[in-house]
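Colleague: Below are the structure tokens for one structure; questions will follow.
What follows draws every value from the coordinates through simple rules; no lab data is involved. A quick note: this is a predicted structure, and the numbers were derived from the prediction, not measured. Every residue, glycine as well, gets a Cβ built from its backbone with ideal geometry; the counts of neighbours run over all protein chains shown.
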Amino acid sequence: MKTNIIGVDVGGTKCAVTYGQKEGFELHIREKIRFATTDVDETIANIVRAVDDVMRKNGLTAGNTAAIGVSCGGPLDSRTGVVMSPPNLPGWDNIPIVKLLGDRFGIRTGIHNDANACALAEWKFGAGIGARNMAFLTFGTGLGAGLILDGKLYAGTNDNAGELGHIRLSDFGPVGYGKCGSFEGFASGGGIAQLARFKVSEKHQMGQRVSWCAPGQLDEITARDVADAAAAGDELALEIYRISATYLGRGLAIVIDLINPEVIVIGGIYTRNREMMEPFVLREIEREALSHARRVCSIRPAALGEQIGDYAALSVAADLIKE
């Protein structure tokens, strides 16, 4: 049986409203409307307008649409459905978005932060299908994470569960999540760029040339620059990715020991650079994690790729449906 659901993805620069049909472990995206995120009142008005348009064009009603799901950057309260001043959404101060949409359309509505929504997406429709205990890591610009425990999303007491990026893995190292040497510092695009600036600066001070970064261009280094150089066989770039992968493995060993998952799904940079990172990740897990927990856990790249934002919002809706 096909079930109609609607997803609302609220981002710092862009929003999207998506209509999907859930059929077992498959999710078919039927239509998507994208628009810029502007001030809070205009953005909410545009969200409502886009949901109206999608419903009208596809013959959707409160009677044949099971749920609306919202994915948004935190902090937020998933229980009350209130968005509470996310840093990337100025003006979204205590906005009761779930009540606004639920009252307007007469459809059950829910919300989760974007990392938790992505975890739901990979669990329901991606690399984590069938798992009862799963951790998902974004590994993008930063390191977001979501936890599926005992067959359901675990958000914690006030939606702060799964903030793995804040764990300190070393007294020294790149800064992430406001903490030197954090998990996010080592395992994120921003962290890899910081590592690269440090390593390239060492070479430049010793009078050595770095083909992919000229003197004076340190501040312009990105994780993509390092990945491209590593893919071309540059030893310095490969060393930077080995450092990131080693600390990623160290952080995953903590996760394995703590929650004993069947699956850890990693997206973003890891998915794109799995071949050169995986051996070092697995070596560190082998060295650090408890053997009984390690043996039952598989490390998988995310499966949903660039569509994960669409799947995430729809998965919040899908999670509201009682099978």
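Colleague: To one decimal place, what Kirkwood hydrodynamic radius in Å is obtained for the chain from all pairs of distinct Cα atoms?
Modeller: On the way: mean 1/r = 0.0486 Å⁻¹.
One decimal place: 20.6 Å for the Kirkwood radius.
Colleague: Which whole-Hz ³J(HN,Hα) couplings does the stretch 30-45 yield from phi under the Karplus relation 6.51 cos²θ - 1.76 cosθ + 1.60, θ = phi - 60°, glycine and proline marked x?
Modeller: With coefficients 6.51, -1.76 and 1.60, one gets 9, 7, 9, 10, 10, 7, 6, 7, 10, 6, 4, 5, 5, 5, 4, 4 Hz.
Colleague: Could I ask something else about it? Student exercise: in the chain, how many lysine pairs 8 or more apart or on different chains have Cα atoms under 15 Å apart?
Modeller: So the count of such lysine pairs works out to 9.
Colleague: Which whole-number percent gives the relative contact order of the chain, counting Cα pairs below 8 Å spaced six or more residues apart?
Modeller: On the way: 692 pairs, mean separation 61.4, N = 323.
Relative contact order here is 19 percent.
Colleague: Go ahead and collect, in residue order, the members of the stretch 110-137 whose backbone nitrogen is under 16 Å from a label point 7 Å along the Cα-Cβ direction of ARG79.
Modeller: 111-113
Colleague: Using unit Cβ charges (K, R positive; D, E negative) and no other charged atoms, how large, in debye to the nearest 20, is the dipole of the chain about its Cα centre?
Modeller: Working: 33 positive and 38 negative charges, 111 e Å.
That gives a dipole near 540 debye.
Colleague: Restricting things to alpha carbons, tell me how big the stretch 180-323 is in terms of Rg and Dmax, in Å.
Modeller: Taking only Cα atoms of the stretch 180-323, I get Rg and Dmax of 17.7, 64 Å.
Colleague: Next question. Only helical DSSP H runs with n ≥ 4 go in: add -39500 (n - 2.57) per run for the chain, normalise by residue count and round the 222 nm mean residue ellipticity to 500 deg cm²/dmol. Write down the numbers at each step before the final one.
Modeller: Numbers: 11 runs with 131 residues, N = 323.
Value at 222 nm, helices only: -12500 deg cm²/dmol.
Colleague: Using Cβ counts within 10 Å as a stand-in for footprinting exposure, how do VAL255, VAL296 rank, fewest first?
Modeller: Least to most surrounded, the residues fall as VAL296, VAL255.
Colleague: Additional query: Give me the net charge for the shell around VAL210: Cβ to Cβ below 15 angstrom, other residues only, Lys and Arg +1, Asp and Glu -1. Kindly include the intermediate steps, with their values, before the conclusion.
Modeller: Values: positive: ARG197, LYS199, LYS203, ARG209; negative: GLU202, ASP219, GLU220, ASP225, ASP228, ASP234, GLU235, GLU239.
Residues near VAL210 contribute -4 overall.
Colleague: Would you mind ranking SER182, SER211 by Cβ crowding within 10 Å, fewest neighbours first?
Modeller: Going from least to most buried by this count: SER211, SER182.
Colleague: Let me ask something additional. If packing is taken as the mean number of other Cβ atoms within 10 Å per residue, what is the order of 198-204, 258-264, 314-320, highest first?
Modeller: Per-residue Cβ counts within 10 Å, averaged per peptide and sorted highest first, yield 314-320, 258-264, 198-204.
Colleague: A further question follows. Fewest first, what order do TRP92, TRP123 take by the number of other Cβ atoms within 10 Å? If you can, show how the numbers build up before the last one.
Modeller: Values: TRP92 23, TRP123 26.
With the fewest neighbours first, TRP92, TRP123 line up as TRP92, TRP123.
Colleague: For ILE111, list long-range residues whose amide hydrogen, built 1.01 Å from N in the peptide plane, is under 5 Å from its own amide hydrogen.
Modeller: VAL70
Colleague: If I take every Cα pair under 8 Å that is 6 or more residues apart in the stretch 111-258, average their sequence separation and divide by the length, what percent do I get for the relative contact order?
Modeller: Dividing the mean separation by the residue count of the stretch 111-258 yields 15 percent.
Colleague: Scan around SER298 for amide H atoms under 5 Å from its own, H built in the peptide plane at 1.01 Å from N, and keep only partners 5 or more places away or cross-chain.
Modeller: Residues meeting the criterion, in which the H sits 1.01 Å from N, are VAL263, ILE264.
Colleague: What residues qualify as long-range amide H neighbours of TYR177, i.e. H under 5 Å apart, gap of 5 or more or another chain, H built at 1.01 Å from N?
Modeller: Correct list: empty.
Colleague: Which length gain, in nm to one decimal place, applies between ARG104 and GLN208 when the Cα-Cα distance is subtracted from 0.36 nm times their residue separation?
Modeller: On the way: separation 104, 0.36 × 104 = 37.44 nm, distance 6.32 nm.
The ARG104-GLN208 span can extend by a further 31.1 nm.
Colleague: Also, I was wondering about something else. From the phi of every residue in the stretch 2-17, what ³J(HN,Hα) in whole Hz does the Karplus formula 6.51 cos²θ - 1.76 cosθ + 1.60 yield, where θ is phi - 60° and glycine or proline is x?
Modeller: Result, ordered by residue: 8, 10, 7, 9, 10, x, 10, 9, 9, x, x, 10, 9, 10, 8, 10 Hz.
Colleague: Tabulate in residue order the Karplus-calculated ³J(HN,Hα) for the stretch 274-282, using 6.51 cos²θ - 1.76 cosθ + 1.60 with θ = phi - 60°, rounded to whole Hz; enter x for Gly and Pro.
Modeller: Values, residue by residue: 4, 4, 8, 9, 4, x, 6, 4, 5 Hz.
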